Amino acid sequence: MERTLIICKPDAVQRRLVGRILSRFEDKGLNMIGLKMITITPELAKKHYAEHAEKKWYPGLEGFITSSPVVVGLIEGVDAIALVRKMLGATNGRNAEPGTIRGDFSSSQQMNLVHASASAEDAAREIDIFFGESEIQAYEPAIMPSLYASDEL
């Protein structure tokens, strides 16, 4: 099982799309093992987006991500990192395929609804930023035998 972090950004919260977005991950068989609503501070934004903090466009990103509450989720499943990113679609909603979350709900580069970890290393770092060990509720859903063959786990 692999873990990945998602952030339903301010535009997803303001447009009341969080439930619809989360249900798509659950419908796919991914397991939500952590979930909370927070407001990202400028300090937390700089920590999360450390690799972008010196870029000229970063102030706009920070202003956006701190503008409203977000919903942070910890998702677990087989190949969860790649699967979640595929489900999101291209970063720019105008380029995202229909059927993806961004393809169905976004028409913007920045207002693209959801952040998702790009790699296992990023996921580990981001999970540590947003979730303490006591906030992770790992469990095996009773429907697991109906989601995966035993040799896939």
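The values are calculated or read from the model by the stated rules, or taken from the named source; none is laboratory data. Not measured: the values here are computed from a predicted model. Please note: Cβ atoms are built from the backbone with ideal geometry, for glycine as well, and neighbour counts cover all protein chains shown.
Structural remarks
- Checklist (1) in contact with a strand residue (DSSP E or B) (Cβ under 8 Å, 6 or more places away or on another chain); (2) within 18 Å of residue 22 (Cα to Cα) applied to residue 126, failing item: (2)
- Members of the range 129-138 found to be surrounded by 12 or more Cβ atoms within 10 Å (Cβ to Cβ) and either of a type in the set (Gly, Ala, Ser) or out of contact with any strand residue (DSSP E or B) (no Cβ under 9 Å at 6 or more places or on another chain) (or both), listed by number: none
- For the range 2-39, residues that are of a type in the set (Ser, Thr, Tyr) and in a loop (DSSP other than H, G, I, E, B) total 1.
Okay, residues lined up against (1) assigned to a strand (DSSP E or B); (2) modelled with pLDDT of 95 or more; (3) surrounded by fewer than 12 Cβ atoms within 10 Å (Cβ to Cβ):
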{"position": "74", "(1), (2), (3)": "yes, yes, no"}
{"position": "83", "(1), (2), (3)": "no, yes, no"}
{"position": "102", "(1), (2), (3)": "no, yes, no"}
{"position": "111", "(1), (2), (3)": "no, no, no"}
{"position": "122", "(1), (2), (3)": "no, yes, no"}
{"position": "140", "(1), (2), (3)": "no, no, yes"}
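- Of the residues making up the range 50-72, those that are under 27 Å from residue 28 (Cβ atoms) and either surrounded by 19 or more Cβ atoms within 10 Å (Cβ to Cβ) or at pLDDT below 95 (or both) are 65, 70, 71, 72.
- When residue 47 is tested against (1) touching a residue at least 40 places away in the same chain (Cβ under 8 Å); (2) assigned to a strand (DSSP E or B), just one condition goes unmet, and that condition is (2).
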